[in-house]
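Here is the structure we will look at.
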Amino acid sequence: MRFAGKTAIVTGGASGIGAAFVRRFVAEGGSVMIAELDVERAAALAAELGERVAYELVDVADAEAFAPLADKTARRFGGIDILFNNAGIGNFGLTPDMDIEQWRRCIAVNLDAVFYACRAVIPHLKARGGGAIVNTASASGMAADYGFTAYNAAKAGVINYTRCLAIDHARDNIRANSICPGPVDTPLLTSGVDEIEGLRAEWERIVPAGRFARPEEIAAVALFLASDDASGMTGATVPVDGGLTAHTGQPD
Ligand code: NAD
């Protein structure tokens, strides 16, 4: 019951890694506000998990959305202790072909949103005497993928912004760490990968662990970083990637 009496805001909490985080956070005693575009899935998860889960229709790229959400969360559950900035979208396109709106949307959802959420939530964490921020970056923020221009830029931004948060707020007793998943079996990845015959097998061959991660495996590390067990960690960039970023790429 690591999270008894604690409240988290989880963006993108209705699917994949976010939903796995929500399930275990609630099972370990916490309360959650899910910020989601997909309110149908959020409503279904809240109905399943009970009254310690609330949800709101929020586009995390909307700069104005977070302050009211944070206030509402604090009113409903008595305060905010943890922010899991996890919502994200993929994006593909080589630089000369990249549509500018597509670039901006990818940066807005994956990077700007993390700033908007932290800006609104940090005063609430301070009001509780401290708290934890976990940001979902990506192995694609530590190294680059062919053609994932805006996504790679955004996720690298999340990693360094998280370090900045960590040093700026360490003395407020607020910790900030980022996690860097490799390929994970969630709709974000598999909806594209499984359309191309053989691509999943090729990807699994490249990952040293030989498989995609399960969302629960990524959530477990995010939960650790959100918990008091990680009280000594701030500013860290934690790969959860089956060895992907440890590999030079040398063929086996
Ligand atoms: P997912 O698609 O299962 O879940 C993402 C959730 O975010 C969805 O429920 C979606 O509705 C929500 N969302 C998207 N845009 C939003 C917006 N503008 N406002 C509010 N909610 C929004 O994907 P996932 O794999 O669980 O992704 C979670 C995070 O993990 C993302 O930041 C993603 O970039 C990152 N990540 C995923 C992988 C992977 O292989 N799946 C790898 C590395 C990093």
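For residues that are within 15 Å of the ligand (Cβ to nearest atom) and either assigned to a helix (DSSP H, G or I) or under 19 Å from VAL134 (Cα atoms) (or both), tally how many sit in the range 187-212.
Count: 13.
Taking interchain pairs and intrachain pairs at least six residues apart, which have beta carbon atoms under 7 angstrom, with the first residue in the range 127-140 and without any contact (Cβ under 8 Å) to a residue 60 or more places away in the chain and the second among the basic types (Lys, Arg) and within 16 Å of the ligand (Cβ to nearest atom)?
Between residues of the range 127-140 that are without any contact (Cβ under 8 Å) to a residue 60 or more places away in the chain and residues that are among the basic types (Lys, Arg) and within 16 Å of the ligand (Cβ to nearest atom), the close pairs are SER138/LYS155; SER140/LYS155.
Considering only residues that are within 15 Å of the ligand (Cβ to nearest atom) and surrounded by 14 or more Cβ atoms within 10 Å (Cβ to Cβ), which ones fall in the range 26-43?
Answer for the range 26-43, where residues must be within 15 Å of the ligand (Cβ to nearest atom) and surrounded by 14 or more Cβ atoms within 10 Å (Cβ to Cβ): VAL32, MET33, ILE34, ALA35, GLU36, LEU37, ASP38, VAL39, ARG41, ALA42, ALA43.
Tally time: how many residues in the range 64-78 are in a loop (DSSP other than H, G, I, E, B) and surrounded by fewer than 17 Cβ atoms within 10 Å (Cβ to Cβ)?
Qualifying residue count for the region: 2.
When you check ALA150 against the structure, is it under 24 Å from ASP38 (Cα atoms), among the aliphatic types (A, V, I, L, M) and either surrounded by fewer than 19 Cβ atoms within 10 Å (Cβ to Cβ) or within 16 Å of the ligand (Cβ to nearest atom) (or both), yes or no?
So ALA150 fits the description; yes.
From the list ALA46, ALA61, which one is surrounded by 20 or more Cβ atoms within 10 Å (Cβ to Cβ) and in a helix (DSSP H, G or I)?
None of the other options fit; the residue is ALA46.
What tally of residues in the range 34-55 results from selecting those that are touching a strand residue (DSSP E or B) at 6+ places or on another chain (Cβ under 6 Å) and without any contact (Cβ under 8 Å) to a residue 40 or more places away in the chain?
The number of residues fulfilling the criteria is 7.
Within the range 220-238, work out how many residues are out of contact with any Cys (no Cβ under 8 Å at 6 or more places or on another chain) and farther than 18 Å from GLY13 by Cα.
9
Among the listed residues GLY88, GLY129, identify the single one that is more than 24 Å from ALA20 (Cα to Cα), of a type outside the set (A, V, I, L, M, F, W, C) and outside any helix (DSSP H, G or I).
GLY129
Just to be sure I understand the filter: pairs with C-beta atoms under 6 Å, separated by 6 or more residues or on different chains, first member in the range 174-194 and over 16 Å from ALA19 (Cα atoms), second member assigned to a loop (DSSP other than H, G, I, E, B) and within 6 Å of the ligand (Cβ to nearest atom). Which pairs pass?
Sorted first by the residue in the range 174-194, then by its partner, the pairs are CYS180/SER138.
FYI, it's all coordinate maths here, none of it is from the lab. Just so it is clear, the model here is predicted, and its values are computed rather than measured. Note that each Cβ is placed from the backbone with ideal geometry, even for glycine, and that neighbours are counted across all protein chains shown.
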